[in-house]
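Just below is one structure, and these are the notes that go with it.
Read-outs throughout are calculated quantities, based only on the coordinates presented, and are distinct from any laboratory measurement. Quantities reported herein were computed from a predicted structural model and do not represent experimental measurements. Ideal geometry is used to build each Cβ from the backbone, glycine not excepted, and the neighbour counts take in all protein chains shown.
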Amino acid sequence: MSVASNIIEDLPDHLLPSIFVYANVSDLKAIDATCRGFQSLTDPHWKTFAMAEFGIDLDSGGKSSWRKGRSLVKPKYGPCIFKLIDPPEYGWLYAGSPIAKANDNFLVWSSDDIGSGLTNADIFDETPMAFRDTRTLNFIRTRNCPFPPHVLAICGPECAEIVLAANNSGDLSAHRGETTQIIDWATILPDGQMSIGYIELLGSKTHAIALCCGYIHLFSVGTQSLLNHISSTMMLPDISSMNFDAPFGACWGSNSSVGSITFAFACVPCKIHIWSLDETNNQLIHVQDVEYYPENTANMEERDRHDDAIIEHLGGADPPASALYQTIAVTDRYVAGNVDDGIVQVYDRSTGERLHNLIEKEHPGPDGFDDDDDDEDEALLYPIYMVAIGDLLVTSSMRGNAICVWQMKTGTLLKSYYQTFTRRISYPLPSGVPVTSMVLLPNFGCTAFVTVAGELTVFAFPENAKEEKKLDLMKQREAIARKRSHDAVDGEDDGDY
């Protein structure tokens, strides 16, 4: 045993944590590798780093959460970006605006439009939903939905999940295996309530939530009857002024206790309503309403002056007074929302103060930034989808099929990832392809997102060489399958993916 080891072992136990205070991330990694005793002493310092840099609570996610957050910002092996092939027999699936949803076990996606080149006869009045395994991204099967869905959700326990599908006409269906249940709103809605309008869906392992017509409709997951209606709670004390047909955002929150899950929705302008679902007692509990107020433009401009070439803060740029947030993300400390105008607003959850307005400048092309782009490209902004990971906000790009990683605390664009094609399309941005959905793959092994922009694109961030090799094999598998599919149809290869 070395002299240095003897010296450290002879130190009183209460001195070691004080010494570790001065360790940086590299030091902590080395200390962790020394012995189990030292590893247990570094936990408080890992928590400090994780919360300070990424707002990640290691009590809930462990050190893997720190590594995943770090891989997004400083990818050592990636990112690995590749496209997933759609099932050959349903090659037209992306004719409309595809949507996707994922849980621990599978990824499901479907189109919300049959497309101009198709007729009802082509799809037998039904729309297929395609499934892939979230661990390997292998194709599993397809399942028909009786209508083109605009919203998807997944609920139910592992291996007995239920896929929920809804459209803008008020149709809601539940699917498990070969069983389909159509929700009969006549038995659920209050007396005299006729209009359904836009439906937003959320699903957990024990419950499903349908937000529509001014009510939060709570369902439990059953067996023979897939969904059992429990209660309908008014979203607001007065719903008479609500526009039931206007799309709005909804999401699960990040903070939850045992048996309780937080969720949020934005059904009226300038407010996001935060509720909690008590899964044990089948109860909905109102937590808070976060209301946003216009701020002094001069103060915002002064506070938000940045010289970063990639990001521009727009001081005092408030969303229209009548606009609803169509996508939102809620954490313990922040709320982010977008009203389909290319700007992401970030607010302090406790005070409602607007902290940052985030907007991308154009993506640099192969030769850097192009200052001579025409006005048409400048005005081309696509809907933004978002996922919060601690204090990191991952969004789709307003300029096309790419993802951006923001730090909500500082309002900084940390990274922007997009794919350039080697053949046919030399550079797809800034005009890009509009993203219609974005999901986090929670059980993939490393941090990974799937964006849906005509096709499914995987943005994965391996944390080690083993994960990088796994992703390379997936990428090769999809490229071979795509080539075989195209060769079988018309003998044409679509280039490198």
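Phi angles across the range 129-141 convert, under the Karplus curve 6.51 cos²θ - 1.76 cosθ + 1.60 with θ = phi - 60°, into 3J(HN,Hα) values of 10, 9, 10, 10, 6, 6, 7, 10, 6, 6, 5, 9, 6 Hz, Gly and Pro given as x. Expressed in Å, the radius of gyration and Dmax of the Cα atoms of the range 197-248 are 12.1, 38. Each peptide in 173-184, 196-207 gets a packing score, the mean of other Cβ atoms within 10 Å over its residues, and the list from highest to lowest is 196-207, 173-184. What number comes out for the charge environment of residue 160, summing +1 per Lys or Arg and -1 per Asp or Glu over other residues with Cβ under 13 Å away? Result for the local shell: -1.
Using a Förster distance of 56 Å, how high is the FRET efficiency between residue 280 and residue 484, based on the Cβ-Cβ distance and rounded to 0.05?
Given R0 = 56 Å and the Cβ-Cβ separation, E is 0.65.
Classification of the range 129-189 by its C-alpha gyration tensor yields a prolate form. The axis ratio a/c (a ≥ b ≥ c) is 1.5 or more, and a/b outweighs b/c.
Highest mean packing comes first when the peptides 381-394, 28-41 are listed by Cβ atoms within 10 Å, giving 381-394, 28-41.
Extension gain for the segment residue 220 to residue 246, taken as residue separation times 0.36 nm less the Cα-Cα distance, is 6.7 nm to one decimal.
The local environment of residue 71, defined by Cβ-Cβ distances under 10 Å, has a net charge of +3 under the rule Lys, Arg +1 and Asp, Glu -1. Please find the FRET efficiency linking residue 39 to residue 465, where r is the Cβ-Cβ separation and R0 is fixed at 22 Å, and quote it to the nearest 0.05. My answer for the efficiency is 0.45. Working ranking of peptides 458-467, 69-78 by packing, defined as the average number of other Cβ atoms within 10 Å per residue, highest first, is 458-467, 69-78.
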